[in-house]
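This report refers to the structure that appears directly beneath it.
The values are calculated or read from the model by the stated rules, or taken from the named source; none is laboratory data. Keep in mind the model is a prediction, meaning the values are calculated, not measured. Because the Cβ atoms are built from the backbone with ideal geometry, glycine has one as well, and the counts that use them run over all protein chains shown. Areas reflect the complete protein model, heavy atoms only, side chains present, ligands, DNA and RNA absent. Shrake-Rupley method; radii C 1.70, N 1.55, O 1.52, S 1.80 Å.
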Amino acid sequence: MGHEWSLGPALLRLLHLLWLLPHSWTAPQGWQDNLQNHTFQHTMYCQDWSPRMGLSEAYDDDQLFSFDFSQNTRVPRLPEFADWAQKSGDISTVLFDKGFCQVMIHEIGPKLEGQIPESRGIPVAEVFTLKPLEFGKPNTLVCFVSNLFPPALTVTWQHHSAPVEGAGPTFVSAIDGLSFQAFSYLNFTPEPSDLFSCVVTHEIDGQTAIAYWVPNNALPSDLLENVLCGMAFSLGVLGIIVGLVLIIYFRKPCSD
């Protein structure tokens, strides 16, 4: 188990610190081979920007949970993780890390003003569907943000340049190298004329990254079903013909 903390960026004349408290667990040497290369990472961060406090837990860089400090509960990134999120035996440890993180930024930070170099990551965004694309069938758009540091961002969705409401919360998680990535989800029913955009604004310097999504090589759901049925029927007919040919061939009398 490792435990370390590091400092984040200073901005203009004021020192804005991003403190990280990562914990990582890897499988011991005596465990089975298929467990030796997996890592569970528990990272808490606090900063002068929004969100001021955050905690992410990831397994092999795939985020499982974030943490709602107003309710002191875990929030699963996907519904499949909901049962695990109910376990709250380590809440006291989380609250201790929260207090320690705040002490670092408010008491030690001012003493190091001017000595901490700036660190920036220009966000990169991309959008894709959670399930294979079929027109008229409910789906989910995923906006994936990488190269994010520090983790202060706002994500909004647009449809043909008009704001879209109803997007889920933005999930931020730490990855190797103590940089961050983020996910935002939007439920929708795709149509051939759709044009969606995910707008990511970095709150530190106001830089914006925009990723667009339009249907690509999609089939209407009814047409897709007809095509699949036609292929299955054709394969069935071909199998019957091949079977008849083989029967006729092997029933021929043998010649010397």
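Taking segment 109-166 only, how many residues are under 18 Å from Leu186 (Cα atoms) and basic (Lys, Arg)?
Of the residues in that region, 2 qualify.
Can you pull out the residues in segment 99-148 that are charged (D, E, K, R) and outside any helix (DSSP H, G or I)? Working first, answer last.
Within segment 99-148, the first condition is being charged (D, E, K, R), and the residues that meet it are 107, 111, 113, 118, 120, 126, 131, 134, 137.
Within segment 99-148, Glu113, Glu118, Arg120, Glu126, Lys131, Glu134, Lys137 meet the criteria.
Is it the case that Phe135 is farther than 14 Å from Val199 by Cα, outside the structural domain of Asp68 (by the TED database) and over 20 Å from the mean Cα position of the chain (by Cα)?
Values: farther than 14 Å from Val199 by Cα: yes; outside the structural domain of Asp68 (by the TED database): yes; over 20 Å from the mean Cα position of the chain (by Cα): yes.
Considered against the rule, which asks whether it is farther than 14 Å from Val199 by Cα, outside the structural domain of Asp68 (by the TED database) and over 20 Å from the mean Cα position of the chain (by Cα), Phe135 comes out as yes.
Considering each of Leu195, Leu223 in turn, give the residue that is open to solvent by less than 90 Å² (accessible area, probe 1.4 Å) and modelled with pLDDT under 60.
Details: Leu195 fails: modelled with pLDDT under 60.
Exactly one of Leu195, Leu223 is open to solvent by less than 90 Å² (accessible area, probe 1.4 Å) and modelled with pLDDT under 60, namely Leu223.
Restricting attention to segment 154-163, which residues are open to solvent by 40 Å² or more (accessible area, probe 1.4 Å) and either assigned to a strand (DSSP E or B) or among the aliphatic types (A, V, I, L, M) (or both)?
From segment 154-163, those open to solvent by 40 Å² or more (accessible area, probe 1.4 Å) are 154, 156, 158-163; that's our starting set.
Across segment 154-163, the qualifying residues are Thr154, Thr156, Gln158, His159, Ala162, Pro163.
Checking the condition assigned by the TED database to the domain that holds Phe65, open to solvent by less than 10 Å² (accessible area, probe 1.4 Å) and either closer than 20 Å to Gly54 by Cβ or among the charged types (D, E, K, R) (or both), which residue from Cys101, Cys143 passes? Walk me through it before giving the result.
On the way: Cys143 fails: assigned by the TED database to the domain that holds Phe65.
Answer to the selection: Cys101.
Among (1) assigned to a loop (DSSP other than H, G, I, E, B); (2) open to solvent by 20 Å² or more (accessible area, probe 1.4 Å), where does Pro151 come up short?
(2)
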